[in-house]
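Okay, structure first, notes after.
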Amino acid sequence: MTEPLALHGGKPAKTKDFPAWPYYDEREEHALMDVLHSRAWWRNVGHQTTALEQEFAALHNVRFALGVMNGTVAIEIALLAAGIGDGDEVLVPALSFISTATAVLAVNATPVFVDVDPHTGCMDLDAASCAVTPRTRAVIPVHLAGHPCDLDALSLLARKHQLLVIEDAAHAQGAAWADQHVGALSTAATFSFQSAKLMTAGEGGMIISQDEAFIERCQLFANCGRLHHDRSYNHSVIGTNARLSEFHAALLRVQLTRLKDQTDARAAGFAQLSARLDIPGVRLLHPDPRVTRHAFYLAMLRFDPQEFGGLSCEGFANALQAEGIPASIPYPPIYHLPVFERQAFAPRQRNTRQLVHQRAPHCPNAEAFVQRTLWLNHRVLLGDGQDLSECIEAIRKIHVAMNGSPVPA
Ligand SMILES: *Cc1c(COP(=O)(O)O)cnc(C)c1O
């Protein structure tokens, strides 16, 4: 007899919760209280943001970093500082969180959607090369799921076409390709510390760069157009206020001290899960062997719908969630999001319709990727042996149910 799925009222495969996220202990409590009592709550009178910037830059082996409010403005500010604007085209992968593309629109440039590699979901750099026109100024690769894209090929692409590179490393704190950290070879890399990310203060972001003048321009745009130490209202560009607060920075400094161990633990969890997962039609997507540090923001599960009675990605994710496994569908191709499909742009974005339509996207790999890939949250990889067994059991239950009973409509 097949066991009923939790989705249909059966007992969930998961009997206890995965480790909670975000993780914290008394060190975060002390860090927050220390800032509170110091009354140094913003960066100009405190030292937490500056210290975090130094520590985060050191982790990536780069010289400079700038803390900002979130990963979305980090990309916008990096584009502004790079001088990207009207008339410029910027290559972005078809699969990412929407901010990768909307940041380009926010500076009045045109995002050009590039298809992805079928194995990693990262931007296909050959396709990127084909998408270059005389107007292409920059490329924003995304290290999807914490898997760095091919940084060597990326450098070659950038050199060949004279492109600026801004890596969207929101998933990839500390990741490395062939011993080269993300961000080290590019104009900049940007990070997010939003609640789901690998280190977090609820919100937060960072820009890193080897280029002092570039980081200084970022600082201008993120600090209402003036440098942090300016006291004479010397506003030289039109910027915004994207400063990180000292509370955020203090939390993030503690979170950063755990990043290495947690990344090791996720890598070990991935290896175990991969070795023990032996169910027809499903496997984990493995990192490229040249990756020397995968951040494992997600474990990506590739499945063959035929082996699961024609189950859709969404149906699979719903069934896993009901079993107690934090699974989700991947990002849809950005150009399919309602705001793009319905052209639901605000009046102030007068040029956006035209910008998006200049280049009609056609990304078959991205379309195929999202139909047979599931995302497992990084909490799964931090689980113990029992957690991993129950995760596998949940997948097995679904496999049995989908093969033993008719496919639900
Ligand atoms: C989270 C995320 C962002 C945006 O970061 P926020 O801090 O949420 O603004 C950008 N790009 C990718 C790939 C992300 O996952």
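The values are calculated or read from the model by the stated rules, or taken from the named source; none is laboratory data. Just so we're clear, the structure is a prediction, and the values are computed from it rather than from any experiment. Note: ideal-geometry Cβ built from the backbone for every residue, glycine included; neighbour counts use all protein chains shown.
For Ala275, are the conditions met, namely being surrounded by fewer than 20 Cβ atoms within 10 Å (Cβ to Cβ) and either assigned to a helix (DSSP H, G or I) or in contact (Cβ under 8 Å) with a residue 24 or more places away in the chain (or both)? Yes.
Just checking, does the range 95-103 include any residue being at pLDDT 95 or above, more than 15 Å from the ligand (Cβ to nearest atom), farther than 18 Å from Gln219 by Cβ and not aromatic (Phe, Trp, Tyr)? No, there is no match, as no residue in the range 95-103 is at pLDDT 95 or above, more than 15 Å from the ligand (Cβ to nearest atom), farther than 18 Å from Gln219 by Cβ and not aromatic (Phe, Trp, Tyr).
When the range 241-261 is examined, which residues are found to be of a type in the set (S, T, N, Q), assigned to a helix (DSSP H, G or I) and either touching a His at 6+ places or on another chain (Cβ under 9 Å) or buried (at least 19 other Cβ atoms within 10 Å of the Cβ) (or both)?
Listed by number, the list holds a single entry, Gln255.
Beta carbons closer than 7 Å, at least 6 apart along the sequence or on distinct chains, pair a first residue in the range 30-44 that is closer than 19 Å to His228 by Cβ with a second that is assigned to a loop (DSSP other than H, G, I, E, B) and of a type in the set (A, V, I, L, M) for Arg43/Leu244. For Asp150, the test of being in contact (Cβ under 8 Å) with a residue 12 or more places away in the chain, of a type in the set (Asp, Glu) and over 18 Å from Asn70 (Cα atoms) is passed.
Could you go through the range 131-144 and let me know if any residue there is more than 12 Å from the ligand (Cβ to nearest atom) and part of a helix (DSSP H, G or I).
Yes - at least one qualifying residue is present in the range 131-144.
Only residues that are polar (S, T, N, Q), in a loop (DSSP other than H, G, I, E, B) and more than 16 Å from the ligand (Cβ to nearest atom) were counted across the range 27-77, and they come to 2. One residue is enough: does the range 154-163 have a residue meeting the conditions more than 12 Å from the ligand (Cβ to nearest atom), at pLDDT 95 or above and buried (at least 24 other Cβ atoms within 10 Å of the Cβ)? No, there is no match, as no residue in the range 154-163 is more than 12 Å from the ligand (Cβ to nearest atom), at pLDDT 95 or above and buried (at least 24 other Cβ atoms within 10 Å of the Cβ).
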